[in-house]
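The values are calculated or read from the model by the stated rules, or taken from the named source; none is laboratory data. Every value quoted in this text rests on a predicted model; they were computed, and no experiment measured them. Cβ coordinates were reconstructed from backbone atoms using ideal geometry, including for glycine residues, and neighbour counts include every protein chain displayed.
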Amino acid sequence: MKLNDIAEIVDGHIIVNSTGGSPDIVSVCSTDLMSDVLRFATKGALLVTALNQSQVIRTAEISDIPAVLMVMGKKMEREMIELAMEKNIALMVTHLPAFTVCGMLYAGGLRSCLED
Amino acid sequence: MKIKDSIEGCFQLMGGDFTNAGTASSELKSILSKLGVSQEVVRRAAIAAFEAEMNVIIHAVAGTMHYVVSSEEVRITLTDMGPGIQDIELAMQEGYSTAPDWVREMGWGAGMGLPNIKKNADRFKIDSVMGEGTTLEIVIYTRKD
Amino acid sequence: MLKVNDIIEKIGLDIRVSGDMYKHVTGCYISDLLSDVMAHSKDGELWITLQTHPNIVAVAVIKGLSCIVITNGRLPEPDTVKKAESENITILTTPKTTFETAGLLYNLLRSE
Ligand SMILES: Nc1ncnc2c1ncn2[C@@H]1O[C@H](COP(=O)(O)OP(=O)(O)OP(=O)(O)O)[C@@H](O)[C@H]1O
Ligand SMILES: [Mg+2]
C-alpha cells in the first residue's frame, strides 16, 4: 500500500515524503515502546505511534522502517522532522487515535509485522 | 565483502543525552553497509548496538562503543561507568526493567533490550561490577560457514 | 453493547485477573505511555498495552477503564496481578500483536 493510500484511509497529512519513490507498505507495527519495534521484522513496515520523540526516527532508521504515522495529532519538534528528512523516512500525522487507525488499516488489508 | 585488515573505531556515549542517543549506532550501520557487509549482518549489528547504546544512555553515566570489523566478524564492545547490574540473569529476562517512569514515557524501559541483543548476536558476553560499570561484548559472524 | 466477557470469547483472550466481566466496553484505547492514557482514554474503554508494571492498574482504576489487554505474549508482573485483584480490574493477555488485536476488536465493535 502506498503512502498516499494510507494517508487517505486515516485522514492523514504527509509531512515528510520519502525521496526516490513512495515505499510500498507491507505491514504495520503499532507501539510506543522502541525496544518492541526492534524485535520485529520491520522491513517495509509502517510504524504507528503516539511517541513524538526523535528516538522514533532513529529506531526506524536502525530497523529499516520506511514510514512513521503519528497518531492523535501529536505535535512534533522541528528536530524530529529534520531527522526524518535527513534519514529519508516518511512521516505522516493523523488526528485519529491509534485504535481507529489500526482498525482501518487492518480492514484495508494490512497485516502485522512478524517476529524477527 | 573485501576487508583485508580489520577496521575499527570508537564512539563516546553520554548518559542522559537523549538528543544524540542513537547516533553511534546509526553511524556504525552506515560504516558496515559501506564495507559491503551483508544486509542481514548489518541489521543485526545495528539493532544490537542500538539497544546497547540506549542502555548506556538510560542506565549509565558515560561510556564508549568500540567496534572492530574483520573478514570474519563484527565485534562491538560497550564499556560504561555506571551503577552496574546486580543480577545479570534477572536483567536478561524479557520484561525485567528498572527504568524509571520518565524513561517509560520516552518510549524505553520495556525490559526487552538485553534479550534482543542476545538474540541478534552470535556470541554475547556481559560483565558488570556494582558501583563501577558494565561491559558488553557483542560478536556477529560475517560469514556463514 | 458488548461486555468484557463477550470480547474474551469472540477474539480469544487469556484471562489473568478476572474483575468485573460484565462491564460494558464502550470503545478501545491503544497506548504504551501512561500519561497518554491518563490524558485521552475514556470511561469504559478497553485498554490495549504492552506495559506490565503495577501502575497500569492505577491508571485503569482512575480512568474507569473496562479492562486491560496486554499484547505480544507479555504477562503482568506478580505485583500487577495482586493489585488488579484487590482493585477488581480485569487483565487479559494475548500472544497477538497490538495491531492484530486492534484490527479484530475494531471489526467486532463496529459490527455491533
Ligand atoms: N549499561 C547498564 N548499566 C546498568 N544497568 C543496566 C545496563 N544495561 C541494562 N541494565 C539493567 O538491566 C535491565 C534490563 O535491561 P534491558 O535493556 O533488557 O531493558 P530496559 O533497558 O530496562 O528496557 P528496554 O531495553 O526495553 O528499553 C535495565 O532495566 C537495567 O536495570
Ligand atoms: Mg534497554
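Among the residues of region B:59-76, are any in a loop (DSSP other than H, G, I, E, B), on the phi > 0 side of the Ramachandran plot, more than 11 Å from chain A (Cβ to nearest Cβ) and within 16 Å of ligand 2 (Cβ to nearest atom)?
no
Quick check on my filter: what residues within region B:20-45 are crowded, with 23+ Cβ neighbours inside 10 Å and small (Gly, Ala, Ser)?
B:ALA21, B:GLY22, B:ALA24, B:SER25, B:ALA45
Restrict the check to region B:86-101 and report whether at least one residue is free of Cβ contacts under 8 Å to residues at least 40 places away in the same chain, within 14 Å of another protein chain (Cβ to nearest Cβ), of a type in the set (Val, Ile, Thr) and more than 16 Å from ligand 2 (Cβ to nearest atom).
No; the residues of region B:86-101 include none that is free of Cβ contacts under 8 Å to residues at least 40 places away in the same chain, within 14 Å of another protein chain (Cβ to nearest Cβ), of a type in the set (Val, Ile, Thr) and more than 16 Å from ligand 2 (Cβ to nearest atom).
Any chance region C:58-65 includes a residue that's at pLDDT 95 or above and not in a helix (DSSP H, G or I)?
Yes, region C:58-65 contains a residue that is at pLDDT 95 or above and not in a helix (DSSP H, G or I).
Within region C:81-93, identify whether any single residue is more than 24 Å from A:ALA107 (Cα to Cα), in a strand (DSSP E or B) and touching a residue at least 24 places away in the same chain (Cβ under 8 Å), and answer yes or no.
Within region C:81-93, one or more residues are more than 24 Å from A:ALA107 (Cα to Cα), in a strand (DSSP E or B) and touching a residue at least 24 places away in the same chain (Cβ under 8 Å).
Restricted to region C:36-71, and to residues that are within 10 Å of chain A (Cβ to nearest Cβ) and in contact with an Asp or Glu (Cβ under 7 Å, 6 or more places away or on another chain), which residue is surrounded by the fewest Cβ atoms within 10 Å (Cβ to Cβ)?
Ranking the qualifying residues of region C:36-71, first place goes to C:LEU50.
With the requirement that a residue be in a loop (DSSP other than H, G, I, E, B), within 27 Å of B:VAL103 (Cα to Cα) and among the polar types (S, T, N, Q), what does region C:1-44 give you?
Residues satisfying the conditions are C:SER31, C:SER41.
Report the residue count in region A:17-62 for those that are in a strand (DSSP E or B) and either of a type outside the set (Val, Ile, Thr) or under 20 Å from B:LYS29 (Cβ atoms) (or both).
Qualifying residue count for the region: 8.
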